[in-house]
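The values are calculated or read from the model by the stated rules, or taken from the named source; none is laboratory data. Given the structure is predicted, the values throughout are model-derived calculations rather than measurements. FYI the Cβ positions are ideal-geometry reconstructions off the backbone, even for glycines, and counts take in every protein chain you see. We work out accessible area using only protein heavy atoms, side chains counted, and drop any ligands, DNA or RNA first. Shrake-Rupley method; radii C 1.70, N 1.55, O 1.52, S 1.80 Å.
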Amino acid sequence: VQLQASGGGLVQAGGSLRLSCAASGRTFRSYNMGWFRQAPGKEREFVSAISWSGGSTYYADSVKGRFTISRDNAKKMVYLQMNSLKPEDTAVYYCASSSRVATSRRRAEYDYWGQGTEVTVSS
């Protein structure tokens, strides 16, 4: 699976962005998908994940209620709608795929990673 993230940019606090992740490969619909982020000088952290069917979604406490993850298996796309953005959301955002049975928040359980898209939220 190859992943290409896009949609990042500069936005003011309180604004919105929609990140997209385009996947290649015939088995996309069998992968659980996740979004992670890495701020300067910090570890890469879990943001959100969605099961292969889209039936289950998971969020970090820091983004719950503001971010929404979704997927379109027919288009091989995963999205992260980010609303009410805060300066602390500034980071490079990565999409990743996991072949594990259970949807995971653990970085180590994701097999393939996109190149990242940068999000900057100004105060």
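Average 1/r across all pairs of distinct alpha carbons in region 1-47, invert it, and you get the Kirkwood radius: 12.9 Å. For the pair Thr27 and Glu45, the difference between a 0.36 nm per residue extended length and the Cα-Cα distance amounts to 3.9 nm.
How much net charge surrounds Val92 when only the other residues with a Cβ under 12 Å from the Cβ of Val92 are counted, with Lys and Arg +1 and Asp and Glu -1? Net charge around Val92: 0.
Roll a 1.4 angstrom probe over the protein heavy atoms and tell me the percent of accessible area of the chain that is carbon or sulfur. Working shown, then result.
Values: 2920 of 6340 Å².
Carbon and sulfur: 46 percent of the exposed surface of the chain.
Within a Cβ distance under 11 Å of Gly116, other residues only, what is the Lys/Arg minus Asp/Glu net charge? Kindly include the intermediate steps, with their values, before the conclusion.
Values: positive: Arg37, Arg44; negative: Glu118.
Cβ neighbours under 11 Å give a net charge of +1.
Within region 36-123, the proportion of Cα pairs with more than 19 Å between them is 36 percent.
Accessible surface computed residue by residue for the chain, with neighbouring protein chains in place and a 1.4 Å probe, gives 52 Å² per residue. Taking 21 Å as the straight-line reach from the Cα of Lys42, the lysines in range (excluding those fewer than 8 positions away in the same chain) are Lys64, Lys86.
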